[in-house]
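**Student:** I am attaching a structure below and will ask some questions about it afterwards.
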Amino acid sequence: MNVIDHVRDMAAAGLHSNVRIISSLLLTMSTNNPELFSPSQKYQLLVYHADAIFHDKEYRNAACKYNMALQQKKVLSKTSKVRPSSTGGTTSAVQAQNLPSEIEVKYKIAECYTILKLDKDAISVLEGIPSRQRTPKINMMLANLYRKAGQERSAVTSYKEVLRQCPLALDAIIGLLSLSVKGAEVASMTMDVIQSIPNLDWLSVWIKAHAFTHGGDNQRAINTICSLEKKSLLRDNVDLLVTLADVYFRAGDTKNSILKFEQAQMLDPYLIKGMDVYGYLMAREGHLEDVEVLGGRLFNISDQHAEPWVISGCHSFYSKRYSRALYLGAKAIQLNSNSVQALLLKGVALRNMGRVQEAIIHFREAMRLAPCRLDCYEGLIDCYLASNGVREAMGMANNIYKTLGANAQTLTILATVCLEDPMTQEKAKTLLDKALAQRPDYIKAVVKKAELLSREQKYEEGIALLRNTLANQSDCVLHRMLGDFLVAVNDYQEAMDQYSIALSLDPNDQKSLEGMQKMEKEESPTDATVELDGDDMEGSGEEGDLEGSDSEAVQWADQEQWFGMQ
């Protein structure tokens, strides 16, 4: 064995710190005496040295050393005959057999560039590898990079190439479905393996479920996933439960979403995937203490994922500490630029700080990444309405309605915009009635209908609507609004009870507290007219216009420049 063989063995054994030291010394020796090592030996030393640096997470340095190795490989390719070195030579055939793969080196360079967020450079390196020599992991990285860059056609081609080589690459399947490739086409690419391997009949159903999800057909997606989850072989699968929880969330079913997230957590206490959505829902429901505990627990699991930062950001946002929420959202984006929840968090924080145009940029990026998530569109519409862009908001709402169909959520979004224009109040009423006919328990529709009834001073009708909804579920906003309506009809005692219930559900609900305080100050109120805030739903936790002082604005302002928040 020569010294290069020893370095190679140490690298294979995972002794990276040892490899870094010895390879550095040997490379210096080679620089001072070019005759000491052959071109192939120097190439090996450079690759092993770069690998050790990569392991130490010095990615820019590692990329530089890998590029030096590639330059050395070019020199080696021009050398027709390998000279034996003074440290002990080997035959050309043996050395060639032991040489690190040039394709693997290029993949490592692309990995470095991806981590450094130099996506264009990463794509350039990978595209330099001939198509026939691209391994599945190279095609997968290319597909993800193409998708991130908006090159959808190239991304589809690369994902399909991954599936051609590895038909059970389920993340590649999700990638294709997210790019609007038909479920039937994707399923056909896996048909051979499904038919040839026993107990894989569930895969076609799994593909169908994800096709429904990415097509925006949430109810059919829920039904399909539930049918999978009930199968004895897939019962209590954490990934399925998280997917089901996410689809419930997209469908606006907060109760079942939280239930499935909690079930997944019980099965896997170290679960990170999807916990950002779970933390957001818990914060929106007013369970800030639980959110704080959840964030701390996830930080102990890993602070290199976006999820714990998003969860802490949601806690700050619903505690009305918007600058801190902005900082935490930006940190999450820095860790994962594809985190939709992080983009939404930063967007609502910017909006509530009055930086509407910056917020719009983040909501648009969230829409690009998740075109079937309605909360992305709602955030953008709220920004338009906040800047008096009713026409833009109406155009966006109509586009959602036409694209995703007339379901309770899209009808409510369109009605919300219609409520902003006195000329379209009747249309808003018709849309809300249609939404409630489809889903009588859809809270956002109930809130908007109650708001409309308040404007028309139809208090008894509003009370009946809220009581019917509260008979099946308990919600802070609904109890508070019922309290407001009861004040309007002079039923002060029950109104006080409703405010108390609302505060028990969300102790941070300022409007319920204000309602109670107003009643305590005015023992015999003479004016029973109540005006409900159009953003009541957001006031209890939806990402809307929350009011309050921002005591940490100065503290966090200096940190914004580090996380791209200009």
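**Student:** Sequence neighbours fewer than 8 away in the same chain don't count; with that in mind, list the lysines whose C-alpha is under 21 Å from Lys434.
**Tutor:** Partners found: Lys402, Lys444, Lys448, Lys449, Lys458.
**Student:** Sorting check: for 313-323, 471-481, which peptide has the highest mean count of neighbouring beta carbons within 10 Å, and how do the rest follow? Provide the component values of the computation, followed by the final result.
**Tutor:** Working: 313-323: 24.7, 471-481: 21.4.
Result, highest mean first: 313-323, 471-481.
**Student:** Straight-line reach from Lys346: which lysines have a Cα under 18 Å away, not including same-chain ones fewer than 8 places off?
**Tutor:** Lys320, Lys331
**Student:** Next question. Restricting everything to alpha-carbon atoms, can you work out Rg to Rh for the range 457-522 with a Kirkwood hydrodynamic radius?
**Tutor:** Ratio of gyration radius to Kirkwood radius for the range 457-522: 0.95.
**Student:** Calculate the length of the line joining the C-alpha centroid of the range 340-363 to that of the range 136-213, in whole Å.
**Tutor:** First find each Cα centre; the distance between them is then 32 Å.
**Student:** Kindly identify the range 408-486 as rounded, prolate or oblate by the Cα gyration tensor criterion: order the square roots of the eigenvalues as a ≥ b ≥ c, call it rounded if a/c is under 1.5, otherwise compare a/b with b/c, prolate if a/b is larger, else oblate.
**Tutor:** Oblate, since a/c reaches 1.5 and b/c is not below a/b.
**Student:** Shifting gears a bit: Please turn the phi angles of the range 375-382 into ³J(HN,Hα) values with the Karplus equation 6.51 cos²θ - 1.76 cosθ + 1.60 (θ = phi - 60°), one per residue in order, whole Hz, x for glycine and proline.
**Tutor:** 5, 5, 5, 4, x, 5, 4, 4
**Student:** Would you grab the residues whose amide H sits under 5 Å from the one on Lys320? Only those 5+ places off in sequence or on another chain, please, with H modelled 1.01 Å from N.
**Tutor:** Hits under the 5 Å cutoff: none.
**Student:** Please list, in order along the range 220-236, the HN-Hα scalar couplings obtained from phi with the Karplus expression 6.51 cos²θ - 1.76 cosθ + 1.60 (θ = phi - 60°), rounded to whole Hz, x for Gly and Pro.
**Tutor:** In residue order, the calculated couplings are 5, 5, 4, 4, 5, 5, 4, 5, 5, 5, 7, 5, 4, 6, 10, 5, 6 Hz.
**Student:** So what is the relative contact order for the chain, in percent, with contacts set as C-alpha pairs under 8 Å and at least six apart? Show your work: numbers first, answer last.
**Tutor:** Values: 744 pairs, mean separation 41.7, N = 566.
Relative contact order, the chain: 7 percent.
**Student:** Calculate, for the range 457-522, the solvent-accessible area per residue in square angstrom, rolling a 1.4 angstrom probe over the heavy atoms of the protein chains.
**Tutor:** Using a 1.4 Å probe on heavy atoms only, each residue of the range 457-522 averages 49 Å².
**Student:** So, one more: Which ³J(HN,Hα) values in Hz, rounded to whole numbers, follow from the phi angles of the range 112-129 under the Karplus curve 6.51 cos²θ - 1.76 cosθ + 1.60, where θ = phi - 60° and Gly and Pro get x?
**Tutor:** 4, 4, 5, 5, 7, 6, 9, 5, 4, 5, 4, 4, 4, 5, 5, 5, x, 8
**Student:** At q = 0.14, 0.19, 0.21 Å⁻¹, what base-10 log of I(q)/I(0) does the Debye formula yield for the range 24-78 when every alpha carbon is treated as an equal point scatterer in vacuo?
**Tutor:** -0.34, -0.61, -0.73
**Student:** Helix 275-284 versus the longest principal axis of the chain: what angle, 0 to 90°, nearest 10, using Cα atoms?
**Tutor:** Approximately 20 degrees, to the nearest 10.
**Student:** The range 277-310 to the range 1-21: how many Å between their Cα centroids?
**Tutor:** The range 277-310 and the range 1-21 have Cα centres spaced 42 Å from each other.
**Student:** If you don't mind, another one. Run the accessible area of the range 457-522 with a 1.4 Å probe and give the carbon-and-sulfur part as a rounded percent. Please list the in-between numbers first.
**Tutor:** Working: 1530 of 3210 Å².
After summing per-atom areas, the C and S share lands at 48 percent.
**Student:** Considering only protein heavy atoms and a probe of 1.4 Å, how much of the accessible area of the range 331-371 is carbon and sulfur, as a whole percent?
**Tutor:** Here carbon and sulfur together make up 54 percent of the probe-accessible area.
**Student:** While we're here: Where Rh denotes the Kirkwood radius from the mean inverse Cα pair distance, what is Rg over Rh for the chain? Could you put the intermediate results ahead of the total?
**Tutor:** Values: Rg = 29.2 Å, Rh = 27.1 Å.
Over the Cα atoms of the chain, Rg/Rh equals 1.08.
**Student:** Could you tell me which of the pairs Lys108/Lys137; Lys57/Lys117; Lys182/Lys260; Lys160/Lys208; Lys42/Lys74; Lys208/Lys230 are separated by over 20 angstrom between their Cα atoms in the structure shown?
**Tutor:** In this structure, Lys182/Lys260 lie more than 20 Å apart at Cα.
The values are calculated or read from the model by the stated rules, or taken from the named source; none is laboratory data. Note that this is a predicted model, so its numbers are computed, not measured. Positions of Cβ are generated from backbone atoms using ideal geometry, with glycine treated the same way; all protein chains shown enter the neighbour counts. Accessible surface areas use protein heavy atoms only, side chains included; no ligands, DNA or RNA. Shrake-Rupley method; radii C 1.70, N 1.55, O 1.52, S 1.80 Å.
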